[in-house]
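In what follows, a single structure is set out as structure tokens and then discussed.
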Amino acid sequence: MSVKHVKDYYLKVTKDYKDMKDVLEILETDISESSVSAALQNIDNIRQQVNALKENYLRLSYIMYLLNQPNKKDKSRKYQKQEAKKLKKIPMKDTEDGVLEENQKILKDLMKIK
């Protein structure tokens, strides 16, 4: 079992989560300076994007895979073969690369709202 893989993944997702908080603070300042009606129109869009990032933060199935992944390369390859069926069931969007890619897209979309 390798906690290192989980920590690395968690740190990447946590960074994106912190970036989201920073963007939301900027948006909050902009909303307080703009009209209330314009702000209300953006709330649903912001809520959807924040929920998507939150879902990325809470995805556990891939984390469990990483948690059980051995550190040694030989054992890791064997483990990947053994877990291949389970990995196929995990959508690409729930894997490390998929989550990080989606987080970056969400952050770009949040910045466009500003």
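The values are calculated or read from the model by the stated rules, or taken from the named source; none is laboratory data. Worth saying up front: this structure is predicted, and the values here are computed from it rather than measured. A quick note on method: Cβ atoms are made from the backbone with ideal geometry, for glycine too, and the neighbour counts reach across all protein chains shown.
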Scanning the range 77-94 for residues that are at pLDDT 80 or above and surrounded by 14 or more Cβ atoms within 10 Å (Cβ to Cβ), the one nearest to Y62 (Cα to Cα) turns out to be E83
Restricted to the range 62-76 and to residues being touching a Phe, Trp or Tyr at 6+ places or on another chain (Cβ under 8 Å) and within 16 Å of V13 (Cβ to Cβ), the residue modelled with the lowest pLDDT is Y62
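Could you grab me the full set of residues in the range 104-114 that are touching a residue at least 24 places away in the same chain (Cβ under 8 Å) and either in contact with a Ser or Thr (Cβ under 7 Å, 6 or more places away or on another chain) or assigned to a helix (DSSP H, G or I) (or both)?
From the range 104-114, those touching a residue at least 24 places away in the same chain (Cβ under 8 Å) are 104, 106-107, 109-111, 113-114; that's our starting set.
Result: Q104, I106, L107, D109, L110, M111, I113.
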message = Take I106 and tell me if it is among the β-branched types (V, I, T), in contact with a Leu (Cβ under 6 Å, 6 or more places away or on another chain) and at pLDDT 75 or above.
response = yes
Output for Cβ contacts, cut-off 6 Å, separation at least six or different chains, first residue more than 13 Å from N71 (Cα to Cα) in the range 1-21, second outside any helix (DSSP H, G or I) and modelled with pLDDT under 80, reads none
Scanning the range 57-103 residue by residue, those among the hydrophobic types (A, V, I, L, M, F, W, C) and free of Cβ contacts under 8 Å to residues at least 40 places away in the same chain turn out to be L58, L60, M64, A84, L87, I90, M92
Residue count, the range 44-58, condition within 18 Å of K112 (Cβ to Cβ), at pLDDT below 75 and surrounded by 11 or more Cβ atoms within 10 Å (Cβ to Cβ), comes to 0
